[in-house]
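Scroll down for the structure; my scribbles are underneath it.
The values are calculated or read from the model by the stated rules, or taken from the named source; none is laboratory data. Just so it is clear, the structure is predicted and the values come from calculations on it, not from any experiment. All Cβ positions, even for glycine, are placed from backbone atoms using ideal geometry, and neighbour counts span all protein chains on display.
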Amino acid sequence: MQWQRGLLTEWRSGADGRWSGVVSSVVNRSGSRSGMAKATQGLPGDALTSAQSYLTLKQAFSASADAYLPFMTVFGALGLVVAVLIVGNVVSGAVVSGYRHIGVLKALGFTPRQAVTVYVTMVSVPALAGSVLGTVAGWALTGPIVHTAFNGIETGTAALAPPAWLPVACLVAVPLLVALAAFLPASRAHRISAAEAITAGSAPRTGRGLRVQRWLSGTRLPRAVSLGLGQPFARPARTALTMASIVLGVVTVTFATGLTGTLLASMEPPDGFNGRTFVHVQVGAEDAHQTVPKLTDAQIEAVLRATPGSDQLTSRAFERVGLVGYTQPVFADFYGGDALERPLHVIKGRPATGLGEVVAGPAFLDQHGLKLGDRITLDVSGRLLPVTIVGEPIEGNARAVASNAATLAGTGVRLHVVEYVVRLAPGADADAYVKAIKDADPGLYPNVVTHDGIGPFASVISFSTIFTVLLSVVAALGVFNTVLLNIRERRRDLGMLKSIGMTPRQVVAMTVASVAGLGLVSGIIGVPLGMAAHRLIVENITIMVFADSMINVWHAPQLIAVALAGILIAVLGALLPSRTAARLPIAEVLHNE
């Protein structure tokens, strides 16, 4: 197989000595005919068996990697939104707490636009530094992630690397996004006059939130807790931004928890296979260093069944076949032996255990515009084989279908078995079984396989866990910033409260209570949103399909635990600044004020 003048060409010599091949055009429509003529120059007129657009091949090549895109997109979008909210919260808090500073700047001759520029620049400089660090770290992680996404896919000479413009776009777009997020709250510095700013100082406006605080003071809650619960109502805009950050953190935790549950449920084997040991036996030589088996298929199966420890056996024959009505050839697996439900483990429909039945993965159905119940015709070595699509496995090759040995036998075509999977009996010695198979025929290559329940999706679960931790930390940092701003604004109040007998522990309780309530409400809001995002993503992955039982992974204890994540994020973000508030010296605070 080679890339030649914009075409992918593949030629094979048949048993009659004639050459046949496949040409996949990767040029535009106007140049496809001339390109194909150059690729087939000097060959017989009937040498070309099929032709297809390169887009079809591209879609099949990247089908498995496309499973990563929805997850990465969700986490990336959530990360950007949380970052924008934090930037807006920081600048808004800086403007509100810096009224006196704004008034001094304007009194010294700064124009309203220059005052706004001060605050936008204040955020843009660290944003640019953070963008550089983030781009470098992201570029370093891109390679391993891309190779993981294409793991198991034969890439040939194709280069798996992100485009060169990507880091440049990040370095330009992210600082611009931060500047835009900072401009809106900074515009308050444009409207306020110098005299108003200087006289306003840094204290919140009188009376804001007092009604709620008075109502809370009449409850049986401890006084420190009631004071803390009333504080968010003094700054509703800041409270809304903080809650939005916590909500997105809860959405991320909920989405990642549901995704992990779905993937773990999808890897559960059929009944009777969980926890059992299997021996995978490769038949024949994959390269020049391996030996061709001396036994026939029937003899190999007899040896595998007769060897002590064997319980069940499944065989697989493999062939590239034509698909009538489509230019692109496909691959067909024909399974025989026992317990076909395992290799034909379907989510929708039923296994292809009857004559003339096949199962096809969601990527195959999507690319060919088919659905369960449709009939297709396979060309198996010149024999036409009409079959019905009766099942859809959780995933599958975009260019492959699977059937059973009885269906293949009906065509009269004999295919060699390429592998066997043997389920060992409970308590059987797997190493002894493998040694016996190797001794029976050097052309058999057995190896022990233990079902781990997670292997193929381990990378997706790892990525989602890492992103969840990162976004939760970012949301906690947003809470941290809010609490710091509140403490700075309320230094005089804290000093007065401590002077009349409030202990450091009560100060901590008051400060933590001021955001714990936000965390509870955010958890109640974020859990349904996270569940909706989880269902939306897993139901719209074109290369995978999940049963309803794999999507509905939520239970009451789990939902309660996820909802409490909002409180956990809020409390973690408030602990450190609350301890700082508890240590504020009374005399110093009142003297400075």
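Tell me which residues, restricted to the stretch 352-373, are of a type in the set (D, E) and over 21 Å from F546 (Cβ atoms).
First, pick out the residues of the stretch 352-373 that are of a type in the set (D, E): 357, 366.
Passing the criteria: only E357.
Go through (1) part of a helix (DSSP H, G or I); (2) at pLDDT below 75 and name the single condition R113 misses.
(2)
So, T277, is that one among the polar types (S, T, N, Q), modelled with pLDDT under 90 and in contact with a Leu (Cβ under 7 Å, 6 or more places away or on another chain) or not? Spell out the reasoning first.
Numbers: among the polar types (S, T, N, Q): yes; modelled with pLDDT under 90: yes; in contact with a Leu (Cβ under 7 Å, 6 or more places away or on another chain): yes.
Spelling it out, T277 is indeed among the polar types (S, T, N, Q), modelled with pLDDT under 90 and in contact with a Leu (Cβ under 7 Å, 6 or more places away or on another chain).
Looking at the stretch 536-553, which of the residues that are closer than 22 Å to G249 by Cα and surrounded by fewer than 16 Cβ atoms within 10 Å (Cβ to Cβ) is nearest to the chain's Cα centre (by Cα)?
Step one: of the stretch 536-553, the residues closer than 22 Å to G249 by Cα are 536-538, 551-553.
Pick out the ones that are also surrounded by fewer than 16 Cβ atoms within 10 Å (Cβ to Cβ) and you get 536, 552.
On the way: L536: 13, N552: 18 Å.
Step by step, filter the stretch 536-553, then rank; the result is L536.
Quick check: is even one residue across the stretch 356-364 surrounded by fewer than 20 Cβ atoms within 10 Å (Cβ to Cβ) and under 14 Å from N404 (Cβ atoms)? Spell out how you get there, then give the answer.
Let us first name the residues in the stretch 356-364 that are surrounded by fewer than 20 Cβ atoms within 10 Å (Cβ to Cβ), namely 356.
Narrowing further to those that are under 14 Å from N404 (Cβ atoms): 356.
The answer is yes; a qualifying residue exists.
For the stretch 448-460, state whether one or more residues are modelled with pLDDT of 90 or more, surrounded by 13 or more Cβ atoms within 10 Å (Cβ to Cβ), touching a helix residue (DSSP H, G or I) at 6+ places or on another chain (Cβ under 6 Å) and under 23 Å from A306 (Cα atoms). It would help to see each step written out before you state the result.
Step one: filter the stretch 448-460 for residues modelled with pLDDT of 90 or more, giving none.
Scanning the stretch 448-460 turns up no residue that is modelled with pLDDT of 90 or more, surrounded by 13 or more Cβ atoms within 10 Å (Cβ to Cβ), touching a helix residue (DSSP H, G or I) at 6+ places or on another chain (Cβ under 6 Å) and under 23 Å from A306 (Cα atoms).
When you go through (1) of a type outside the set (F, W, Y); (2) in contact with a helix residue (DSSP H, G or I) (Cβ under 6 Å, 6 or more places away or on another chain); (3) farther than 22 Å from F467 by Cβ; (4) at pLDDT below 80 one by one for A159, which number turns out not to apply?
Among (1) of a type outside the set (F, W, Y); (2) in contact with a helix residue (DSSP H, G or I) (Cβ under 6 Å, 6 or more places away or on another chain); (3) farther than 22 Å from F467 by Cβ; (4) at pLDDT below 80, the lone unmet condition for A159 is (2).
Pairs, please: C-beta under 7 Å, at least 6 apart or cross-chain, first residue assigned by TED's automatic domain parsing to the domain that holds H534 and in the stretch 73-86, second assigned to a helix (DSSP H, G or I) and crowded, with 17+ Cβ neighbours inside 10 Å?
Once the first residue is assigned by TED's automatic domain parsing to the domain that holds H534 and sits in the stretch 73-86, no partner that is assigned to a helix (DSSP H, G or I) and crowded, with 17+ Cβ neighbours inside 10 Å comes close enough.
What pairs come up if the first residue lies in the stretch 392-418 and is over 22 Å from L372 (Cα atoms), the second is among the hydroxyl-bearing types (S, T, Y) and crowded, with 17+ Cβ neighbours inside 10 Å, and their beta carbons are under 7 Å apart, counting only those six or more places apart or on different chains?
Pairs that qualify, where the first residue is over 22 Å from L372 (Cα atoms) and the partner is among the hydroxyl-bearing types (S, T, Y) and crowded, with 17+ Cβ neighbours inside 10 Å, are V417/S315.
Among the strands (runs of 3 or more DSSP E) lying completely within the stretch 364-464, list those that include at least 2 residues that are hydroxyl-bearing (S, T, Y). Don't jump to the end; show me each part of the working.
On the way: elements: 375-380, 383-393, 400-404, 417-424, 444-450.
The qualifying strands (runs of 3 or more DSSP E) are 444-450.
For the structure I just gave you, tell me whether G356 is of a type in the set (G, A, S) and modelled with pLDDT under 90. First the steps, then the outcome.
On the way: of a type in the set (G, A, S): yes; modelled with pLDDT under 90: no.
Considered against the rule, which asks whether it is of a type in the set (G, A, S) and modelled with pLDDT under 90, G356 comes out as no.
If the requirement is being within 30 Å of D439 (Cα to Cα) and of a type in the set (S, T, N, Q), which of these qualifies: T327, T407, T314?
Numbers: T327 fails: within 30 Å of D439 (Cα to Cα); T407 fails: within 30 Å of D439 (Cα to Cα).
From the options T327, T407, T314, the qualifying one is T314.
Check S124, S131 and return the single one that is modelled with pLDDT of 80 or more, assigned to a helix (DSSP H, G or I) and touching a Cys at 6+ places or on another chain (Cβ under 9 Å). Give the derivation first.
Values: S124 fails: touching a Cys at 6+ places or on another chain (Cβ under 9 Å).
The match here is S131.
Within the stretch 181-199, track down each residue that is outside any helix (DSSP H, G or I) and modelled with pLDDT of 75 or more. Before you say what the answer is, go through the steps one by one.
To start, the set of residues in the stretch 181-199 that are outside any helix (DSSP H, G or I) comprises 187, 192-193.
Within the stretch 181-199, just S187 meets the criteria.
Name the residue, out of R305, R316, R320, that is of a type in the set (D, E, K, R), modelled with pLDDT of 80 or more and farther than 21 Å from G410 by Cβ.
None of the other options fit; the residue is R305.
Being surrounded by fewer than 16 Cβ atoms within 10 Å (Cβ to Cβ) and either aromatic (F, W, Y) or at pLDDT below 80 (or both) narrows it down to one of A561, A587, so name that one. Even if it seems obvious, please write down each step before you answer.
Values: A561 fails: either aromatic (F, W, Y) or at pLDDT below 80 (or both).
On inspection, the qualifying residue turns out to be A587.
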